[in-house]
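Scroll down for the structure; my scribbles are underneath it.
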């Protein structure tokens, strides 16, 4: 049985909040000026926007973006704008993406992740910052490679068992 054939339980909102807290804590790690480190908050955000667009929307994306702006000590609103656009585009394509396998989903999510990384760069370039190195292009690719693992981890609490239980109606 493939993962798309599972009957999923409803997601617990506390689990969604926990995943955002954990993703934010991973982003808080002191990586320095390393450009290729994936943005775990963006990955979790696009995942929940695709799988639960009514529970995680653009308001959550904006607030997470403001938190990331404060953490990175960047211009206030860089990540907020990037995450809001990411959430908008993810919600726009969420019905179409769910029809594909998890690897094809990663290919559909890759341009969204590129946009999420390009928005802060364009804002910084407009403010007169120098062009960052080519390593910045690796971050969205790494995030897309992490998509299948993120999908299996974040959907794990919702999966039903494969065993047939005669006392269970579904």
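Here are a few things to note about the model shown:
- In the set (1) more than 12 Å from the chain's Cα centre (by Cα); (2) within 26 Å of residue 129 (Cα to Cα); (3) without any contact (Cβ under 8 Å) to a residue 40 or more places away in the chain, the condition left unmet by residue 84 is number (1).
- Just one of the listed residues (100, 62, 89) is part of a helix (DSSP H, G or I) and within 24 Å of residue 149 (Cβ to Cβ), and it is 89.
- Looking only at residues in the stretch 17-36 that are over 13 Å from residue 71 (Cα atoms) and modelled with pLDDT of 90 or more, the one that is surrounded by the most Cβ atoms within 10 Å (Cβ to Cβ) is 19.
Table: residues versus (1) closer than 20 Å to residue 84 by Cα; (2) more than 15 Å from the chain's Cα centre (by Cα); (3) assigned to a loop (DSSP other than H, G, I, E, B); (4) at pLDDT below 85.
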position: 120; (1), (2), (3), (4): yes, yes, no, no
position: 142; (1), (2), (3), (4): no, no, no, no
position: 149; (1), (2), (3), (4): no, no, no, no
position: 155; (1), (2), (3), (4): no, no, no, no
position: 169; (1), (2), (3), (4): no, yes, yes, yes
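- Filter result for residue 10 (in contact with a helix residue (DSSP H, G or I) (Cβ under 8 Å, 6 or more places away or on another chain), surrounded by fewer than 15 Cβ atoms within 10 Å (Cβ to Cβ) and either modelled with pLDDT of 95 or more or not in a helix (DSSP H, G or I) (or both)): yes
The values are calculated or read from the model by the stated rules, or taken from the named source; none is laboratory data. A quick note: this is a predicted structure, and the numbers were derived from the prediction, not measured. Here the Cβ is made from the backbone with ideal geometry for all residues, glycine too, and neighbour counts use every protein chain on show.
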